[in-house]
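A short write-up of the structure that comes next.
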Amino acid sequence: MKQEKELFAQVANALVIWYHANKRIMPWRAEPTPYHVWISEIMLQQTRIEAVIPYYDRFLRAFPDVQTLAETDEDRLLKYWEGLGYYSRARNLKKAAGQIIRDHGGRLPQTAAELKKLPGIGDYTAGAIASIAYGKPEPAVDGNVLRVLSRVAACPDDIMLPATRKAMTEQLRAIYPAGQDASDLTQGIMELGETVCLPNAVPRCEICPLQGCCRAHSRGVAMDFPVKSPKKARKIERKSVFLLLCDGRYALHRRDSSGLLANLWEFPNIPGHATMQEIESYLRECGLHPLAVTPCGKAKHIFTHVEWHMTGYLVTCEQPGGDFVWKTAEEILTQYAIPTAFRAFTSLIK
Ligand code: SF4
C-alpha cells in the first residue's frame with residue numbers, strides 16, 4: 001500500500017468534526033468508562049447494534065462492574081448471553097475480569113499492548129478501549145474502517161490480507177490524535193461505516209463528510225472498493241433434533257467442553273437427516289421407549305463457517321432415561337442457556 005498519511009490526516013480531521021454533529025445516541029456512549037466500552041465492543045462483534053442494545057442494558061444491571069463479572073457463576077453468565085451467539089466471548093469476559101482483578105487491581109489496563117494480554121481482546125478491541133475510554137492515539141481497525149479507508153484511498157490491495165490491514169493500521173496510527181479526538185475519531189469512523197459508507201449497499205456519498213477527498217467517489221467507482229477475495233463456501237451439516245418429552249419434562253444434553261457452542265445445553269440430536277429406522281435405533285441406544293414420534297418442523301442456522309440444516313421430531317417417551325437431564329419448559333427457558341441455533345425448537349416448547 002502506498003503512503004497515504006496526508007490523506008488519512010485529512011480524513012481524521014473531517015471525521016472528528018462530523019462525529020460531533022452526527023453521533024447517534026447509544027447506551028454505551030452515555031458514560032464511556034473502560035468497562036462499558038469493553039462490554040459493548042465485545043457484544044458488538046459479529047452482532048448488529050439493534051440486537052445488542054437490550055442485551056447491553058440487561059447485562060450491565062446483572063454485572064455492573066469487573067468484580068461482579070469475575071465472581072459470577074458461568075451458567076448464569078451464559079444465560080444472560082443467550083441469543084447473542086459466539087458464547088466464547090462471554091467466557092472470555094469472565095476470564096479477563098478475573099485477570100483484571102488479579103493483575104490490575106480491578107481496572108482495565110490503559111495501553112493496547114496490556115489490553116491484548118487479556119482473553120478475548122485482540123487488536124481491534126484493544127484499540128477501541130484504549131482510544132475511546134483512555135484517549136490513547138490507537139486506531140481500532142475493523143471491516144468498517146478498512147472499507148472506508150480503502151474507498152477514500154481507492155486502494156487496490158485485498159483487505160482480507162493481514163498485510164493490507166497492517167499497512168492501513170500503521171499509517172492510521174501515525175496520524176492518530178490523542179485525548180477526546182482519539183475517542184471521537186474511533187467512533188466517527190465506525191459511525192460513518194455503519195450509516196454512510198455502507199457495506200453491501202450503495203454508499204451515501206451525497207451526505208458524506210469525506211466526499212471532497214474520496215478518490216473512489218471522485219472517480220465514480222465507490223462500489224468497486226474495497227477489493228476483497230471471495231470467502232470460502234460454508235460447510236453444510238445436517239442434523240436430526242429431538243424434543244424428547246416425558247411427563248411434561250424435556251431432555252437436555254450438555255455439549256462438549258470444547259469446540260462450537262462448548263458446554264452449552266442443547267436438545268439431543270444426531271448427525272444427518274435420519275430415517276425412522278435410524279431414529280428408533282438411536283432412541284433404543286439411549287435406553288428410551290418411544291410412544292410416538294412426530295416430525296415437528298425444519299430449521300436452519302448459519303454460523304460463520306458452517307450451516308446447520310435441522311429436522312425436528314417430537315418424541316413422547318414412556319420414562320425418562322439416557323444421558324440427559326429432564327426439565328420442564330419453564331426450567332429450560334429460565335435457567336438453561338440454549339444456543340440460538342435451536343431457537344425454532346425452543347419456541348415449540350414454550
Ligand atoms: Fe464512502 Fe462515498 Fe464517503 Fe467515499 S464519499 S467514503 S465512498 S460514502
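The values are calculated or read from the model by the stated rules, or taken from the named source; none is laboratory data. Quick caveat, the model's predicted, so the values are computed rather than measured. Quick reminder, even Gly has a Cβ in these numbers, built from the backbone with ideal geometry, and neighbours come from all protein chains shown.
Can you report the number of residues in region 48-64 which are surrounded by 13 or more Cβ atoms within 10 Å (Cβ to Cβ), out of contact with any Leu (no Cβ under 6 Å at 6 or more places or on another chain) and not aromatic (Phe, Trp, Tyr)? Outline the logic, then answer.
Start the filter on region 48-64 by keeping residues that are surrounded by 13 or more Cβ atoms within 10 Å (Cβ to Cβ), which leaves 49, 51-53, 55-56, 59-60, 62-63.
When the remaining residues are screened for being out of contact with any Leu (no Cβ under 6 Å at 6 or more places or on another chain), the result is 49, 51, 53, 56, 59-60, 62.
Next, only the ones that are not aromatic (Phe, Trp, Tyr) stay: 49, 51, 53, 60, 62.
Qualifying residue count for the region: 5.
Would you be able to say whether some residue in region 244-253 is surrounded by 18 or more Cβ atoms within 10 Å (Cβ to Cβ) and among the small types (Gly, Ala, Ser)?
Yes - at least one qualifying residue is present in region 244-253.
From the list Arg204, Arg219, exactly one residue is near the ligand (Cβ under 8 Å from one of its atoms) and either at pLDDT below 95 or over 20 Å from Val141 (Cα atoms) (or both). Which is it?
Numbers: Arg219 fails: near the ligand (Cβ under 8 Å from one of its atoms).
Answer to the check: Arg204.
Rundown of residues vs (1) among the charged types (D, E, K, R); (2) touching a strand residue (DSSP E or B) at 6+ places or on another chain (Cβ under 6 Å); (3) under 30 Å from Pro156 (Cβ atoms), yes/no style:
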{"site": "Gln211", "(1), (2), (3)": "no, no, yes"}
{"site": "Ile236", "(1), (2), (3)": "no, yes, no"}
{"site": "Phe242", "(1), (2), (3)": "no, yes, no"}
{"site": "Arg249", "(1), (2), (3)": "yes, yes, no"}
{"site": "Asp256", "(1), (2), (3)": "yes, no, no"}
{"site": "Ala292", "(1), (2), (3)": "no, yes, no"}
{"site": "Phe303", "(1), (2), (3)": "no, no, no"}
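Consider region 148-205. How many of its residues are touching a Gly at 6+ places or on another chain (Cβ under 8 Å), under 23 Å from Ser218 (Cβ atoms) and aliphatic (A, V, I, L, M)?
2
From (1) more than 16 Å from the ligand (Cβ to nearest atom); (2) among the aliphatic types (A, V, I, L, M); (3) part of a helix (DSSP H, G or I), pick out the condition that doesn't hold for Leu185.
All conditions are met except number (1).
For region 161-170, state whether one or more residues are more than 19 Å from Ile49 (Cβ to Cβ), within 12 Å of the ligand (Cβ to nearest atom) and in a helix (DSSP H, G or I).
no
What helices (runs of 4 or more DSSP H), lying completely within region 36-88, carry at least 1 residues that are at pLDDT below 95?
Correct list: 49-62, 74-81.
Going by the conditions given, is Thr164 touching a Cys at 6+ places or on another chain (Cβ under 8 Å) and of a type in the set (S, T, N, Q)?
yes
When you check Asp103 against the structure, is it surrounded by fewer than 16 Cβ atoms within 10 Å (Cβ to Cβ), out of contact with any helix residue (DSSP H, G or I) (no Cβ under 8 Å at 6 or more places or on another chain) and within 30 Å of Thr346 (Cβ to Cβ), yes or no?
no
So the check is Cβ under 9 Å with 6+ separation or different chains; which pairs have a first residue in region 204-219 that's β-branched (Val, Ile, Thr) and a second one that's near the ligand (Cβ under 8 Å from one of its atoms)?
If the second residue must be near the ligand (Cβ under 8 Å from one of its atoms), the pairs left are Ile207/Val196.
Taking Phe63 as meeting all but one of (1) of a type in the set (Phe, Trp, Tyr); (2) free of Cβ contacts under 8 Å to residues at least 40 places away in the same chain; (3) within 30 Å of Tyr176 (Cβ to Cβ), write down the number of the exception.
Going through the list (1) of a type in the set (Phe, Trp, Tyr); (2) free of Cβ contacts under 8 Å to residues at least 40 places away in the same chain; (3) within 30 Å of Tyr176 (Cβ to Cβ), Phe63 breaks only (3).
Among the residues of region 119-158, which ones are surrounded by fewer than 23 Cβ atoms within 10 Å (Cβ to Cβ), away from the ligand (no atom under 14 Å from the Cβ) and part of a loop (DSSP other than H, G, I, E, B)?
Pro119, Gly120, Gly122, Gly135, Lys136, Pro137, Val141, Asp142, Pro156, Asp157, Asp158
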